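Q: Below is one structure. I have some questions about it.
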Amino acid sequence: MARTKFDQQVEETAEVVAFRIGRFLAGRPMDGVKRTDATFWRAGSRVLPKVEGRVARSSYRAGWQRLVFRVSTLAAVGAGGYQAGQVHQDATVATAREVWADPDPVLAVLEQTGIAAASTAAAGTAAYLALTYRRRELMREWVIPLHEALARPLRLPEQTDPRRYLHIPRDFSEDDAVIRVDVPGRLDFSKDLVADIITTKLALEGVTFSWHLAGRETYVTVKKTRKPPARAAFKDPKMREIVAAAKESAPIIGIGSAGRTVTVDLDAESPHILVNAAPGGGKSVTLRCIACQMLHHGSHVFVLDTKRISHPWASGVPGVTYCRDIADIHDQLIALGLEGRRRTRVADDLGIDADPKAIGPRLLILLEEVNATMKQLARYWEKIRESGDPKVSPALDALNEILYMGRQLRMHVLLVAQSATARALGGPEAREQFSTRILARYSVNAWRMLAPEVHPAPKSTKQPGRAQVVSGGYARETQILFFTEAEAREWATTGKPAPAAAGTQPGQVQLQKPAADSLADACSTPAPELPPATEPPAVRDPLADAWSLNPAPAADPGSPTAPTAPPVAAAPADDDQAVGLRQAAEHHLPGITLAALRFARANDPAFPGPAGKRGAELLYRVGDLKKWARNRPRAATGTTELD
């Protein structure tokens, strides 16, 4: 039997009704068009691609929310209709008779009801407008402009409701506010561009971005960092307590956001620290803060300062070796390299279970103004290098070895630069040894060069003592702990004293002023397995031979090729003489008067001690006086050229 047109219409209508009932119970849109990424249990946040026309708010709700709303509305309408029907049925006849007989009371009631309804609607509308004014202002001034700027980089459909993916609180400019932006999971956008748009459109400063891109929910949270204090002074009793409680290997650098203490453990986190700042950025203050704390715990500090006047507080402090002349800096770096090799042999002999302190005290090397110092070291080596010597200065090789082996050998480098380029530090591999970097008054190029893993780059500030401590892929804004010159000297000279001389244990290093000028004796006492102190005959430069891994073998005195030149002594005989101050001023120290020497003996803590007496006159070793004369504090020349 053929189906009629009426039967087809009945079947189609039944199918439509069945689909509508299914959509109603499933919480899906009644028209069957899915416009957002909402599911039955999860609310939507984005409009699906190729969706046209306006998207209602209900499309973003989860399916169960729509189902509850529909069932509740249907139940309320049904109950209200049933009660209204019963009342209407009972009162229809009586009400009709009363109204027909006397309509004035009914009209008065209707009039009062209408006025009350109108007043209630007006009051409700006014209250709604008043209560939602700040929210509407937030939408108009901030949310919608941000949505218009982010829609293209995030590739969002035009119908996307900004309230569904931009979660911006009304007080988003407060310190504890958290902004959340849901981003597409396809991750085909530039994070730097999105971060720049958010900070620009919301006029944010000093914020951090946390990207959560794993899994189904992908979003970024923006938090405003609480600024460090405007000043962190050591004279504050609380700061003094914090510094006193710090670990020996973890000096306090400063105070970060929310009052958190910023420190770097030289044993566990970063053996070396790089300080990069423009002039006036507080480089010397930062080094003074760290060095005086290390001296307080018994470390020995080597200050290599071509400016000569960067750390006047450290002159004459026990445990400090201050080198200002480029020749002494060159020799001291080589001596430190030899000390590193000696410590390597001692650590190998002690084994893996030995106490790290058994290899010797902690050594801290403060290398000031590396941009100028490296150039001067290279030119100095070109000046003294002889035929057959390596082209690269052995002092630079020694510095590189210390950088590579510093953690296990308890030797740490604090390097200061105005522009820490790879060329200035001896190559990119040398710069990578500084896993902690302190940047102050930096440029955009300096940040990209030294901290490319942290983006976007925080804005540089001219706040005195303010810096960014970058470690482990994070940047911490820090107010550097400020020590005055007197406070630094007082704290460095109290606490655990620095070792005065080599002890009886093998491998202990001598840290006081050496009695000899030889490079091997400048910093360390030879271990028992080292060669005897007698120098073999040689015609090569003793500095190059001291650093060479394979020194030239000594020739047999009986062979015809034996050199006829006398052996090279560790120091000139003239430097081993013991003379009085008058004789030193007249014959050994040109340009320095006897009065200046007597004044320095009474007032300069770095003036060498006497080597003996001749009657009532004190005698001094000529080599010690010459070294003091080279490294005595003088005004900086302001140039990188050699004298």
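Q: Name the GluC sites (Glu not before Pro) in segment 358-423 that are in a loop by DSSP and that have at most 11 other C-beta atoms within 10 Å, would you? Could you put the intermediate results ahead of the total?
A: Numbers: sites: Glu368, Glu369, Glu382, Glu386, Glu401; in loops: Glu368, Glu369, Glu386.
Answer by residue number: Glu386.
Q: Run the simple label-point estimate for Ala203 and Asp267 please: 7 Å along Cα→C-beta, distance reported in nm.
A: Rounded to a tenth, the inter-label distance reads 5.1 nm.
Q: Quick check on segment 353-403: take the gyration tensor over C-alpha atoms, sort the square-rooted eigenvalues as a ≥ b ≥ c, and tell me if it's rounded (a/c under 1.5), prolate or oblate. Display every interim value, and only then the final one.
A: Numbers: a/c = 3.95, a/b = 1.89, b/c = 2.09.
Note, shape of segment 353-403 comes out oblate.
Q: Full extension from Thr39 to Thr344: what is 0.36 nm times the residue separation minus their Cα-Cα distance, to one decimal in nm?
A: On the way: separation 305, 0.36 × 305 = 109.80 nm, distance 6.44 nm.
In short, 103.4 nm is gained.
Q: For q values of 0.16, 0.21, 0.28 Å⁻¹, compute log₁₀ I(q)/I(0) with the Debye formula on a Cα-only model of segment 375-438, without solvent.
A: -0.60, -0.94, -1.29
Q: What net charge do the residues around Asp196 carry, taking every other residue with its C-beta under 15 Å from that of Asp196, with Lys and Arg at +1 and Asp and Glu at -1? Intermediate values should be presented prior to the final figure.
A: Working: positive: Arg152, Lys191, Lys201, Arg448, Lys459; negative: Asp192, Glu205.
Counting the neighbours of Asp196, the net charge comes to +3.
Q: Moving on. Just grab the label-to-label distance for Arg20 and Asp176, each label 7 Å out from Cα along the Cβ direction, in nm (one decimal).
A: Distance between label points: 5.2 nm.
Q: Can you pull the percent of segment 314-456's accessible area that's carbon plus sulfur, 1.4 Å probe, other chains left in place? Walk me through the numbers on the way to the answer.
A: Values: 2970 of 5700 Å².
Within segment 314-456, the accessible surface is 52 percent carbon and sulfur.
Q: Report the relative contact order of segment 202-275, percent, no decimals, based on alpha-carbon pairs under 8 angstrom and at least 6 residues apart.
A: Values: 77 pairs, mean separation 15.1, N = 74.
Relative contact order of segment 202-275: 20 percent.
Q: Can you give the Rg and Dmax of segment 330-466 based on its C-alpha atoms, in angstrom?
A: Every Cα atom of segment 330-466 included, Rg and Dmax give 17.5, 52 Å.
Q: Please report the net charge: other residues with Cβ closer than 13 Å to the Cβ of Gln479, K and R +1, D and E -1. Intermediate results must be reported in sequence, preceding the final value.
A: Details: positive: Arg226, Lys227, Arg231, Arg260, Arg466, Arg476; negative: Asp236, Glu477.
My count for the surroundings of Gln479 gives +4.
Q: Then there's this: Rounded if a/c is under 1.5, else prolate if a/b beats b/c, else oblate: with a ≥ b ≥ c from the C-alpha gyration tensor eigenvalues square-rooted, which is segment 270-410?
A: Numbers: a/c = 1.91, a/b = 1.09, b/c = 1.75.
Since a/c reaches 1.5 but b/c is at least a/b, the shape of segment 270-410 is classed as oblate.
Q: Can you give the accessible area of Glu429 in Å² (nearest 10), computed on protein heavy atoms with a 1.4 Å probe?
A: 90 Å²
Q: Using 10 Å bins from zero, what percent of all Cα-Cα pairs in segment 116-261 falls into each bin?
A: 9, 29, 22, 18, 15, 6, 2, 0
Q: Would you please give the FRET efficiency between Val109 and Ala130, computed as 1/(1 + (r/R0)^6) with r the Cβ-Cβ distance and R0 = 45 Å, to the nearest 0.05?
A: Numbers: r = 31 Å, r/R0 = 0.70.
The calculated FRET efficiency here is 0.90.
Q: Report the relative contact order of segment 238-327, percent, no decimals, based on alpha-carbon pairs under 8 angstrom and at least 6 residues apart. Each step should come with its number before you reach the end.
A: Working: 87 pairs, mean separation 18.2, N = 90.
With pairs under 8 Å counted, the relative contact order is 20 percent.
Q: Let me ask something else about it. On the accessible surface of segment 144-183, probed at 1.4 Å, how many percent belong to carbon and sulfur atoms?
A: Values: 850 of 2090 Å².
With neighbouring chains kept in place, the figure for segment 144-183 is 41 percent.
Q: Continuing with this model, one more query. Would you give the gap between the C-alpha center of segment 383-461 and the C-alpha center of segment 254-284, rounded to a whole Å?
A: Between the Cα centre of segment 383-461 and that of segment 254-284, the gap is 15 Å.
Q: Also, I was wondering about something else. Could you work out how far apart the two model spin labels at Glu453 and Arg601 are, taking each label as a point 7 Å from the Cα in the direction of the beta carbon, and quote it in nm?
A: Each label point is offset 7 Å from its Cα along the Cβ direction, giving 5.6 nm.
Q: Which trypsin sites (Lys or Arg not before Pro) from segment 161-259 combine a DSSP loop assignment with at most 11 other Cβ atoms within 10 Å? Write down the numbers at each step before the final one.
A: Values: sites: Arg163, Arg164, Arg170, Arg180, Arg186, Lys191, Lys201, Arg216, Lys223, Lys224, Arg226, Arg231, Lys235, Lys238, Arg240, Lys247; in loops: Arg170, Arg186, Arg216, Arg226, Arg231, Lys235, Lys247.
Answer by residue number: Arg186, Arg216, Lys235.
Q: What percent does the relative contact order of segment 119-252 come to when contacts are Cα pairs within less than 8 Å and at least six residues apart? Present the calculation step by step, with values, prior to reporting the outcome.
A: On the way: 123 pairs, mean separation 26.5, N = 134.
It rounds to 20 percent for segment 119-252.
Q: Follow-up. For segment 400-495, just say rounded, prolate or oblate: build the C-alpha gyration tensor, square-root its eigenvalues into a ≥ b ≥ c, call rounded for a/c under 1.5, and beyond that prolate if a/b exceeds b/c, oblate if not. It would help to have the intermediate numbers written out before the result.
A: Values: a/c = 2.02, a/b = 1.11, b/c = 1.81.
In terms of gyration-tensor shape, oblate.
Q: Another one. Measuring with a 1.4 Å probe in the full set of protein chains, what accessible area per residue, in whole Å², belongs to segment 390-475? Could the numbers behind the result be given before it?
A: Numbers: 3960 Å² over 86 residues.
I get 46 Å² per residue for this part.
Q: Continuing with the same structure: Which of the residue pairs Lys357/Lys496; Lys283/Lys626; Lys283/Lys459; Lys375/Lys627 have a Cα-Cα distance greater than 24 Å in the structure shown?
A: Flagged as over cut-off: Lys283/Lys626.
Q: First select every other residue whose beta carbon is under 15 angstrom from the beta carbon of Tyr133; then total the charges, Lys and Arg +1, Asp and Glu -1. Don't skip to the answer; put the middle values down first.
A: Numbers: positive: Arg134, Arg135, Arg136, Arg140, Arg170; negative: Glu137, Glu141, Asp171.
Here the charged neighbours net out to +2.
The values are calculated or read from the model by the stated rules, or taken from the named source; none is laboratory data. This structure is a prediction, so every number in the text was calculated from the model and none was measured. We place every Cβ from the backbone using ideal geometry, glycine too, and count neighbours over all the protein chains shown. To get the accessible areas, we keep the full protein, side chains included, count just its heavy atoms, and leave off ligands, DNA and RNA. Shrake-Rupley method; radii C 1.70, N 1.55, O 1.52, S 1.80 Å.
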